[in-house]
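Enquirer: I have a structure here, written as structure tokens, and I will follow up with some questions on it.
All of the numbers you see were taken from the coordinates with simple rules; none came from a lab. For clarity, every value in this text was computed on a predicted model and none was experimentally measured. Neighbour counts are summed over all protein chains in view; Cβ atoms, including those assigned to glycine, are modelled from backbone coordinates with ideal geometry.
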Amino acid sequence: MSGHVLIFYTDFGISFLVSVLCAALTLWALVDCAVRKPRAFEAGSKRTKGFWLGITAAAAFVGVISVLPVPNPFFGMSLFNIAAVTAAGVYLADVRPAVSSR
């Protein structure tokens, strides 16, 4: 096996693994947001549940699309995937602790 082929398959495998981890993170944020009560968002002084549900749903859509190995612009760590993981991370790091304590 030549070096070029080895590098290609290694790059593809790492990109796929990162995409799967990003999809799992965005799906976790979506499911967590869906099970919270709307009153908890208001009590935690955060935006509405509908707002965060929309943000996390869009992030989960991009995350799941990025896992598909067909040629698409979302595969790997594209700008869309980075934005989706950032949105899910903001929900999980900032909003989730505020609404889970209510």
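Enquirer: So how much slack lies between Asp11 and Ser100, counting 0.36 nm per residue of separation and subtracting their Cα-Cα distance, in nm?
Expert: 28.2 nm
Enquirer: If you project the alpha carbons of the range 3-100 onto their three principal axes, what span does each projection cover, largest first, in Å?
Expert: Cα extents, longest axis first: 57, 20, 19 Å.
Enquirer: Want the number for Ser45 to Val18: 0.36 nm per residue separation, take away the alpha-carbon distance, what's left?
Expert: My answer for the length gained is 6.4 nm.
Enquirer: Ranking request for peptides 39-45, 24-30, 6-12: highest mean number of other beta-carbon atoms within 10 Å first, then the rest in descending order. Display every interim value, and only then the final one.
Expert: Numbers: 39-45: 14.4, 24-30: 20.6, 6-12: 10.9.
With the highest mean Cβ count within 10 Å placed first, the list reads 24-30, 39-45, 6-12.
Enquirer: Right, here's the next one. Find how much the distance from Ala34 to Val90 grows on full extension, using 0.36 nm per residue of separation minus their present alpha carbon separation; answer in nm with one decimal.
Expert: That pair, Ala34 and Val90, stretches by 18.6 nm at full extension.
Enquirer: Still on this model: Please tell me the relative contact order of the chain in percent, rounded to the nearest whole number, where contacts are Cα pairs under 8 Å and at least six residues apart.
Expert: RCO, the chain: 36 percent.
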